[in-house]
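K.L.:
There's a structure below that I have some questions on.
The values are calculated or read from the model by the stated rules, or taken from the named source; none is laboratory data. Predicted model, so just to flag it, every value in this text is computed and none were measured. Heads up, the Cβs are rebuilt from the backbone with ideal geometry, glycines too, and the neighbour counts pull from every protein chain shown.
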Amino acid sequence: MTKKAYNYLVMISGVICSYVMIKSFFFIQTRLVRTDVIQGILVGFGLAIATAYTTAKIKSTKVNGWSTMFGCGAPGNGMLLRAACALAFPGPINISQEAMYWTTSLDSASHELSGAHDYIMRFPADGLPPNNAFWSLTMGDAKNRFVANSINRYSVSDRSGFVPNADGSVDIYIQNTAPEGYESNWLPAPSGKFILWLRVYMPGEAILGGNYNLPTVVEVK
């Protein structure tokens, strides 16, 4: 489910909860038990989604447009935190020592990412995500699905054979058409809006300690 879908779900749940509570408190009427049970289920579901969503917002850490959450996947997590992690990062979640996850749908100017523009994500020299396994940057369309492209490339990683710049930095070109001369560093984007996911497996101490920041995604003018 996409971020927009989550927002709609929370909004609809809030409307339902508000309607039921206003009707219950301000309009005295004889109700069937069945009606009360159905309303209770709807209100409970809506409050659960809204509470998990709010918790995800509170627990998330945002730096340079990227969102992450520490502590996901830990065995001792309560139901609320597990639900918040599931909302923020759909799919299997490992403990932080095994994997960390980031996502963004915004560029450095807080504009939504779109294949109508070209972007660069520049890692400084020796600034690629520290890890003891591997890392990957994955492209998803507006519905968080893989993006079909001419070279069948859906992600880039530390095994992609990047060509560094003269100063040792690494540029990842995120755009709809191949950047001439930089195809090895190209992550193909759709023509419309998209989402980026970065995963680091067996992350280094700088990541686990919150001292590593991903670079911004900058639109090429």
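K.L.:
It is to be established whether one or more residues within region 205-218 are surrounded by fewer than 17 Cβ atoms within 10 Å (Cβ to Cβ), assigned to a loop (DSSP other than H, G, I, E, B) and free of Cβ contacts under 8 Å to residues at least 60 places away in the same chain.
P.N.:
yes
K.L.:
Taking region 90-101 as the search range and keeping residues that are touching a helix residue (DSSP H, G or I) at 6+ places or on another chain (Cβ under 9 Å) and surrounded by 15 or more Cβ atoms within 10 Å (Cβ to Cβ), which one is farthest from residue 215 (Cα to Cα)?
P.N.:
Keep residues of region 90-101 that are touching a helix residue (DSSP H, G or I) at 6+ places or on another chain (Cβ under 9 Å), which gives 93, 96-97, 100-101.
Of the ones still in play, those that are also surrounded by 15 or more Cβ atoms within 10 Å (Cβ to Cβ) are 93, 96, 100-101.
Numbers: 93: 23, 96: 20, 100: 16, 101: 14 Å.
Going through the qualifying residues, I end up with 93.
K.L.:
Of all residues in region 85-100, which are at pLDDT below 80 and either part of a loop (DSSP other than H, G, I, E, B) or over 11 Å from the mean Cα position of the chain (by Cα) (or both)? Let's see the steps before the verdict.
P.N.:
From region 85-100, those at pLDDT below 80 are 85-93; that's our starting set.
89, 90, 91, 92, 93 - these are the residues of region 85-100 that are at pLDDT below 80 and either part of a loop (DSSP other than H, G, I, E, B) or over 11 Å from the mean Cα position of the chain (by Cα) (or both).
K.L.:
When you scan region 118-200 for strands (runs of 3 or more DSSP E) that lie fully inside it, which ones turn up with 2 or more residues that are in contact (Cβ under 8 Å) with a residue 40 or more places away in the chain? Break it down stepwise before answering.
P.N.:
Details: elements: 119-123, 131-141, 155-157, 170-175, 186-188.
Ranges flagged: 119-123, 131-141, 170-175, 186-188.
K.L.:
Here's a follow-up. Could you tell me how many of the residues in region 62-82 are loosely packed, with under 15 Cβ neighbours inside 10 Å, over 16 Å from the mean Cα position of the chain (by Cα) and either of a type in the set (Phe, Trp, Tyr) or in a loop (DSSP other than H, G, I, E, B) (or both)?
P.N.:
Residues that pass the stated criteria total 3.
K.L.:
Select from region 107-124 the residues that are polar (S, T, N, Q) and under 13 Å from residue 193 (Cα atoms) and list them in ascending order. Step through it out loud before you land on a result.
P.N.:
Pass one, region 107-124, residues polar (S, T, N, Q): 108, 110, 114.
Scanning region 107-124 gives a single hit, 114.
Residues checked against (1) surrounded by 18 or more Cβ atoms within 10 Å (Cβ to Cβ); (2) within 13 Å of residue 190 (Cα to Cα); (3) polar (S, T, N, Q):
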{"site": "103", "(1), (2), (3)": "yes, no, yes"}
{"site": "115", "(1), (2), (3)": "yes, yes, no"}
{"site": "121", "(1), (2), (3)": "yes, no, no"}
{"site": "130", "(1), (2), (3)": "no, no, no"}
{"site": "145", "(1), (2), (3)": "no, yes, no"}
{"site": "149", "(1), (2), (3)": "no, yes, yes"}
{"site": "160", "(1), (2), (3)": "no, no, yes"}
